[in-house]
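Chemist: One structure, pasted below without further comment.
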Amino acid sequence: MDSRDLADVIDDLMAKARAASSGRAARTIRGGHENALRETVIALLAGHELSEHDSPHEATLQVLHGRVRLIAADESWEGMAGDHLTVPPQRHSLAALEDSVVLLTVSNRVP
């Protein structure tokens, strides 16, 4: 069994994001292309974003810290710590409204 303290991961990634010119940092904590699921913790400083991109497989986003806005086409969703969302299958972007950390879970299997 594999376990980790997400509070430690959050602290570490926030420190790395603050030191990075991109204002972000990420770490895959489980999986990879050989697994059915991949889980990645992403830290984004306020005012920074993951620009519009595709989501080729099913994905969910859980806000662990802060507030974010997910935008897809004409819709947007604002979430804060504790919120969970199914990522829409169309192109989307993610913006940090304040210093934030999210857990992105992606299925590597095509439905």
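The values are calculated or read from the model by the stated rules, or taken from the named source; none is laboratory data. Since this is a predicted model, take the numbers as computed values, not measurements. Note: ideal-geometry Cβ built from the backbone for every residue, glycine included; neighbour counts use all protein chains shown. Keep in mind that these areas ignore ligands, DNA and RNA; they rest on the heavy atoms of the full protein, side chains included. Shrake-Rupley method; radii C 1.70, N 1.55, O 1.52, S 1.80 Å.
Chemist: Keeping to the stretch 86-100, report how many residues are within 11 Å of the chain's Cα centre (by Cα) and either over 13 Å from Ile42 (Cα atoms) or open to solvent by less than 20 Å² (accessible area, probe 1.4 Å) (or both).
Modeler: Residues meeting the conditions: 5.
Chemist: Now for a different question. For Leu70, state whether it is assigned to a strand (DSSP E or B) and touching a helix residue (DSSP H, G or I) at 6+ places or on another chain (Cβ under 8 Å).
Modeler: Against the criterion (assigned to a strand (DSSP E or B) and touching a helix residue (DSSP H, G or I) at 6+ places or on another chain (Cβ under 8 Å)), Leu70 does not qualify.
Chemist: With the checklist (1) among the β-branched types (Val, Ile, Thr); (2) at pLDDT below 95; (3) crowded, with 18+ Cβ neighbours inside 10 Å in hand, flag the one item Val63 doesn't pass.
Modeler: So the condition that Val63 fails would be (2).
Chemist: Taking the condition open to solvent by 70 Å² or more (accessible area, probe 1.4 Å), farther than 13 Å from Val101 by Cα and not basic (Lys, Arg), does Ser76 pass?
Modeler: yes
Chemist: So, of the residues in the stretch 16-60 that are crowded, with 17+ Cβ neighbours inside 10 Å and in contact with a Gly (Cβ under 8 Å, 6 or more places away or on another chain), which turns out to be nearest to Ala95 (Cα to Cα)?
Modeler: His48
Chemist: Pairs under 8 Å by beta carbon, first residue within 21 Å of Glu58 (Cβ to Cβ) and free of Cβ contacts under 8 Å to residues at least 60 places away in the same chain in the stretch 75-88, partner of a type in the set (Ser, Thr, Tyr) and open to solvent by less than 50 Å² (accessible area, probe 1.4 Å), six or more apart or different chains?
Modeler: His84/Thr60; Leu85/Thr60; Thr86/Thr60; Val87/Ser55; Val87/Thr60; Pro88/Ser55
Chemist: Further question: Considering Leu103, Leu13, which residue is open to solvent by less than 80 Å² (accessible area, probe 1.4 Å), among the aliphatic types (A, V, I, L, M) and in a strand (DSSP E or B)?
Modeler: Matching residue, one of Leu103, Leu13: Leu103.
Chemist: Somewhere in the stretch 20-32, is a residue in a helix (DSSP H, G or I) and either without any contact (Cβ under 8 Å) to a residue 60 or more places away in the chain or among the charged types (D, E, K, R) (or both)?
Modeler: No, every residue in the stretch 20-32 fails to be in a helix (DSSP H, G or I) and either without any contact (Cβ under 8 Å) to a residue 60 or more places away in the chain or among the charged types (D, E, K, R) (or both).
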